[in-house]
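Working notes for the structure below.
The values are calculated or read from the model by the stated rules, or taken from the named source; none is laboratory data. Remember, predicted model here, so these are calculated numbers, not experimental data. FYI the Cβ positions are ideal-geometry reconstructions off the backbone, even for glycines, and counts take in every protein chain you see.
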Amino acid sequence: MSDEKNIKKIDDPFCLLEQIKNIGQKSKNIPISDGFTIKIQTLSSEDEIALFANSAKYDGSEYFTRHKIETIVYSIIEINKKSLREYNTIEDEKERMELKTKTIDKIRLIVSKWNDNLISFVYGEYSKIIDESENELIKFGILEEIKTKKTEEK
């Protein structure tokens with residue numbers, strides 16, 4: 001199939017950019033215990049920048065623990081099918097960002113009190129969906145298979 005056939009016929013380039021933002025995005029439901037399931041998803045660049053900014057002020061093992069917590073805070077999108085991302089429905093940018101900040105802060109306060117084993121478990125599940133996302137991008141030829149190249153270099 002030629003590249004011409006694969007090109008979307010939309011005049012607004014910003015609309016085209018908006019349509020590709022979810023390529024490689026993955027989500028997963030994680031049963032935590034009887035009656036509790038959380039849904040996590042891969043992060044946007046915006047959220048990943050915030051995650052690193054919130055973790056950067058820590059050193060050593062405290063950095064790694066904070067990084068895991070921040071990853072979970074930004075990746076949780078639902079609990080028991082109840083959305084934690086209602087701010088995404090708000091069109092006014094300022095209002096949306098204010099609600100997002102309040103929501104993220106509240107999630108952070110709660111997740112920071114979780115048992116370390118639970119944090120490690122959820123973080124491990126997040127790592128799995130990152131691998132799935134990378135594999136999908138490799139399959140579509142968007143991302144080069146880095147692991148194979150590193151193996152060949154040795």
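Surrounded by 11 or more Cβ atoms within 10 Å (Cβ to Cβ) and at pLDDT below 95, is that true of I138? Write out each step before concluding.
Values: surrounded by 11 or more Cβ atoms within 10 Å (Cβ to Cβ): yes; at pLDDT below 95: yes.
Taking the combined requirement at face value, the residue satisfies it.
All but one of (1) assigned to a helix (DSSP H, G or I); (2) touching a residue at least 24 places away in the same chain (Cβ under 8 Å) hold for I142, so report the exception by its number.
Checking I142 against (1) assigned to a helix (DSSP H, G or I); (2) touching a residue at least 24 places away in the same chain (Cβ under 8 Å), the one that fails is (1).
Can you name the residue in region 6-34 that is among the basic types (K, R) and within 27 Å of E134 (Cβ to Cβ) and, of all such residues, is modelled with the highest pLDDT?
We begin by selecting, within region 6-34, every residue among the basic types (K, R); these are 8-9, 21, 26, 28.
Checking the rest, the ones that are also within 27 Å of E134 (Cβ to Cβ) come to 8, 21, 26, 28.
Values: K8: 60, K21: 80, K26: 94, K28: 97.
Here the answer is K28.
Quick one: which residue in K94, K81 is touching a strand residue (DSSP E or B) at 6+ places or on another chain (Cβ under 9 Å) and surrounded by fewer than 17 Cβ atoms within 10 Å (Cβ to Cβ)? So that I can check it myself, show each step before the final result.
Values: K94 fails: touching a strand residue (DSSP E or B) at 6+ places or on another chain (Cβ under 9 Å).
Result of the check over K94, K81: K81.
Considering each of S61, S27 in turn, give the residue that is under 30 Å from I138 (Cα atoms) and of a type in the set (G, A, S).
Values: S61 fails: under 30 Å from I138 (Cα atoms).
Residue meeting the stated conditions: S27.
Filter region 33-73 for residues that are free of Cβ contacts under 8 Å to residues at least 24 places away in the same chain and outside any helix (DSSP H, G or I) and give the result.
Selection gives S33, D34, S44, A56, K57, Y58, D59.
Conditions: (1) out of contact with any Lys or Arg (no Cβ under 9 Å at 6 or more places or on another chain); (2) loosely packed, with under 14 Cβ neighbours inside 10 Å; (3) of a type in the set (G, A, S). A50 meets all but one. Number of the miss?
(2)
All but one of (1) closer than 26 Å to F140 by Cβ; (2) modelled with pLDDT of 95 or more; (3) among the acidic types (D, E) hold for E70; state the number of the condition that does not hold.
With respect to (1) closer than 26 Å to F140 by Cβ; (2) modelled with pLDDT of 95 or more; (3) among the acidic types (D, E), E70 is out only on (1).
Which of the residues spanning region 77-94 are in contact (Cβ under 8 Å) with a residue 40 or more places away in the chain and either part of a strand (DSSP E or B) or under 14 Å from V111 (Cβ atoms) (or both)? Before the answer, list the steps.
Of region 77-94, the ones in contact (Cβ under 8 Å) with a residue 40 or more places away in the chain are 77-81.
Scanning region 77-94 gives I77, E78, I79.
What's the number of the only condition in (1) part of a loop (DSSP other than H, G, I, E, B); (2) touching a helix residue (DSSP H, G or I) at 6+ places or on another chain (Cβ under 9 Å) that M97 fails to meet?
Exception for M97: condition (1).
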